[in-house]
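The values are calculated or read from the model by the stated rules, or taken from the named source; none is laboratory data. Keep in mind that what you see is a predicted model, and the values were worked out from it rather than measured. Reconstructed Cβ throughout: ideal geometry from the backbone, glycine too, with neighbour counts over all protein chains shown.
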Amino acid sequence: MTAILRHLPFREEADEVSCGLERVPIKPYQIIVWVSLTARPVVELPPTAPRLLALLDTGHNHNFSLQDRHLAQWAGLDAALPRVGRIREGGRDLPLHAANVWLHPNLRGKRDAFSGAPPLLLPLDQGIAVYPGGSSFPRLPLLGLRALVRNKLHVALDPERRVVHLRTSDWRARLAQWLLA
């Protein structure tokens, strides 16, 4: 079983998180995950790659979306990433850029601490959506449902404990092996 998010807590009250030099307000019930971004040909995350917060948002139907300022200031990249397409949203065309998203495993029960396990590469063939300067959407980067489905990730919500679990799809095969042993 490959757990990526283990008992990742979310809160019922507003909060703040540091991302780079910025204090970022977090609204109640927002699920914070930590990711890194690289250009698409990169298949190993450089140790100097910054971590940036993103909202795990199953209501967002794209892979990953962020403002160009998040890309530059938080991820240390720019919109010069190769374009792989476009989407139409709110009456405007938005570029899709070739990038890899790396999801950092949390330390069990902690939102802003990491397990030390390597981050999970989420290949996103359709790219990431980069909203231009002056956009108010998305307020924070969004890791959407399409990225979870295309990477066969299993998400479970425990409402009593207010935690989220996320595992890779191999957990069922490993469980079957264990039960048959």
Examine region 79-95 for a residue that is over 17 Å from the mean Cα position of the chain (by Cα) and closer than 19 Å to Ala113 by Cα, and state whether such a residue exists. no
Per the filter on region 96-110, residues of a type outside the set (S, T, N, Q) and modelled with pLDDT under 95 are Leu96, His97, Ala98, Ala99
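For the condition more than 25 Å from His154 (Cα to Cα) and either in a strand (DSSP E or B) or not hydroxyl-bearing (Ser, Thr, Tyr) (or both), what is the one hit in Val35, Val43, Val17?
On the way: Val35 fails: more than 25 Å from His154 (Cα to Cα); Val43 fails: more than 25 Å from His154 (Cα to Cα).
That would be Val17, the only listed residue that is more than 25 Å from His154 (Cα to Cα) and either in a strand (DSSP E or B) or not hydroxyl-bearing (Ser, Thr, Tyr) (or both).
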Would you confirm, using the coordinates I've provided, whether Asp93 is touching a residue at least 24 places away in the same chain (Cβ under 8 Å) and in contact with a strand residue (DSSP E or B) (Cβ under 8 Å, 6 or more places away or on another chain)? no
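Quick one: in region 112-168, of everything that is basic (Lys, Arg) and outside any strand (DSSP E or B), which residue is nearest to Leu52 (Cα to Cα)?
Just the residues of region 112-168 that are basic (Lys, Arg), to begin with: 139, 146, 150, 152, 161-162, 167.
Right, trim to outside any strand (DSSP E or B) and you get 139, 146, 150, 152, 161-162.
Details: Arg139: 13, Arg146: 20, Arg150: 22, Lys152: 23, Arg161: 25, Arg162: 22 Å.
The qualifying residue nearest to Leu52 (Cα to Cα) is Arg139.
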May I ask you to list the residues in region 96-127 that are in contact with a strand residue (DSSP E or B) (Cβ under 8 Å, 6 or more places away or on another chain), under 17 Å from Leu8 (Cα atoms) and of a type outside the set (A, V, I, L, M, F, W, C)? His104, Pro105, Asn106, Arg108, Gly109, Lys110, Arg111, Asp112, Ser115, Pro119
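Considering each of Asn61, Asn100 in turn, give the residue that is more than 13 Å from Tyr131 (Cα to Cα) and in a strand (DSSP E or B).
On the way: Asn61 fails: in a strand (DSSP E or B).
The unique qualifying residue is Asn100.
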Criterion first (over 12 Å from the mean Cα position of the chain (by Cα) and either touching a residue at least 60 places away in the same chain (Cβ under 8 Å) or surrounded by fewer than 17 Cβ atoms within 10 Å (Cβ to Cβ) (or both)) does Thr48 satisfy it? yes
Given (1) of a type outside the set (S, T, N, Q); (2) under 21 Å from Leu5 (Cα atoms); (3) modelled with pLDDT under 95, number of the condition Ala54 does not satisfy: (3)
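Can you name every residue in region 130-148 that is within 13 Å of the chain's Cα centre (by Cα) and among the hydrophobic types (A, V, I, L, M, F, W, C)?
Leu140, Leu142, Leu143, Leu145, Ala147, Leu148
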Counted residues, region 70-87 - those being among the basic types (Lys, Arg) and under 29 Å from Val155 (Cα atoms): 1
Contact list, first residue from region 152-172 and under 19 Å from Asn63 (Cβ atoms), second anywhere and acidic (Asp, Glu) and part of a strand (DSSP E or B), beta-carbon distance below 9 Å, six or more apart or interchain, is Val164/Asp158
